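The structure appears right after this line, and notes come after that.
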């Protein structure tokens with residue numbers, strides 16, 4: 001049952017449903033969101049905790065309305081003013097059955113409303129199906145990169161090429177319940193870092209929340225952000241830097257993703273929140289509070305509540321009738337040439353990671 005599930009529901013009402021479930025020691029836990037297709041009715045969230053890990057469950061869920069602007073949990077008393085004459089449920093009896101890729105949910109509430117849904121689990125474990133441009137040498141890549149329009153495209157380097165789909169570190173680490181991330185992880189991170197952070201973040205300000213996510217991600221904590229750079233050469237550094245100098249000759253490749261951020265922003269609404277909102281992939285320009293790496297890496301970020309990013313973007317490309325995401329694969333065997341050339345450009349660990357960590361990484365590359 002662990003994973004991110006998408007589907008539609010029907011019954012007393014109709015709409016879209018998203019379920020995010022994490023695996024605990026003896027049960028599954030997470031959240032379900034119901035987005036009613038009737039704009040005059042509220043979206044609803046409900047915490048799900050199973051009895052155990054068996055494939056058939058009967059549980060009781062408390063439906064909670066979502067605030068219209070923030071997507072946070074609210075209560076019926078506060079939200080009733082926006083939906084005059086509407087009755088609201090306070091509990092629901094829910095039946096769940098699941099297989100490896102299908103989740104079936106039926107429910108009935110204390111006000112006799114009912115519904116059912118069939119959901120499919122996202123599958124990000126399969127290889128990427130992007131048709132990447134294959135370049136045979138570093139020289140060819142530099143010639144290719146010279147044609148990229150400035151300030152429109154952003155780039156992300158990845159050591160693994162076709163074997164890894166584009167995913168956030170949060171999802172790649174086996175987490176799916178973003179409600180738990182927002183309400184458990186982030187408060188703990190904030191309390192633990194407030195004494196050592198140069199900036200005291202206002203966690204009620206969405207821009208500062210995004211900047212805090214960026215800061216902790218740059219220091220190794222998995223978040224629903226992806227880091228990108230406006231420089232294809234910075235992206236190349238990240239694609240190659242973790243490979244050993246003595247990497248054997250191989251036909252393997254590294255990958256550089258190319259994302260048309262400007263066209264994406266022009267075409268789709270950007271959302272700066274994770275919970276209580278339909279699936280999205282949004283461009284974020286985090287403020288560099290206490291995070292000099294953003295400037296050094298010519299960085300920006302994307303924020304998403306989607307596990308299978310490639311599949312989501314593919315759907316948007318069909319909708320828009322144009323490509324937004326592409327990729328270039330480069331040979332692993334060019335590693336030492338690439339890192340040497342990047343050093344001549346001033347792109348090293350010391351320049352990209354200001355501080356002692358970056359200097360040590362730079363000298364390790366140079367001396368070992």
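Relative to the longest principal axis of the C-alpha atoms of the chain, give the angle of the C-alpha long axis of helix 356-367, reported between 0 and 90° and rounded to the nearest 10°. So the helix axis and the longest Cα principal axis differ by about 40 degrees. Above 17 Å, the calculated P(r) of region 3-121 contains 54 percent of its Cα-Cα pairs.
In region 168-231, the ratio of gyration radius to Kirkwood radius, Rg to Rh, stands at 0.96 when only Cα atoms are counted. Nearest 10 degrees is fine. How inclined is helix 206-218 to the longest principal axis of the chain, computing both from alpha carbons? Long axis of 206-218 versus the principal axis of the chain: about 50 degrees. In percent, rounded to a whole number, the relative contact order of region 235-327 is 30, using alpha-carbon pairs under 8 Å and six or more apart. Could you please state, rounded to a whole Å, how far the C-alpha centre of region 221-287 is from the C-alpha centre of region 90-144? Cα centroid of region 221-287 versus Cα centroid of region 90-144: 20 Å apart.
Take every Cα-Cα pair in region 91-223 and report what % of them are more than 22 Å apart. The share of Cα pairs beyond 22 Å in region 91-223 comes to 64 percent.
Projected onto planes of every orientation and averaged, the convex hull of the alpha-carbon atoms in region 133-367 covers 13.2 nm². For the chain, the mean residue ellipticity at 222 nm estimated from helices alone is -7000 deg cm²/dmol, where every DSSP H run of n ≥ 4 contributes -39500 (n - 2.57) and the total is divided by all residues, rounded to the nearest 500. Scattering from region 179-274 was approximated by placing one identical point on each alpha carbon and applying the Debye formula without solvent; log10 I(q)/I(0) at 0.15, 0.16, 0.22 1/Å stands at -0.83, -0.89, -1.18. Legend: ranking of residues 111, 186 from fewest to most surrounding C-beta atoms inside 10 Å; resulting order 111, 186. Treating r as the C-beta distance of residue 82 and residue 295 and R0 as 35 Å, the FRET efficiency rounds to 0.25.
Among 140-148, 99-107, 299-307, the peptide with the highest mean count of other Cβ atoms within 10 Å heads the list, and the full ranking is 299-307, 99-107, 140-148.
Rg and Dmax of region 1-42, both derived from C-alpha coordinates alone, stand at 12.6, 40 Å.
The Kirkwood radius of region 60-114, taken over pairs of alpha-carbon atoms, gives through the Stokes-Einstein law at 25 °C and 0.890 mPa s a diffusion coefficient of 190 µm² s⁻¹.
Values quoted throughout were computed directly from the atomic coordinates according to the rules given, and no laboratory measurement underlies them. Just so we're clear, the structure is a prediction, and the values are computed from it rather than from any experiment. Reconstructed Cβ throughout: ideal geometry from the backbone, glycine too, with neighbour counts over all protein chains shown.
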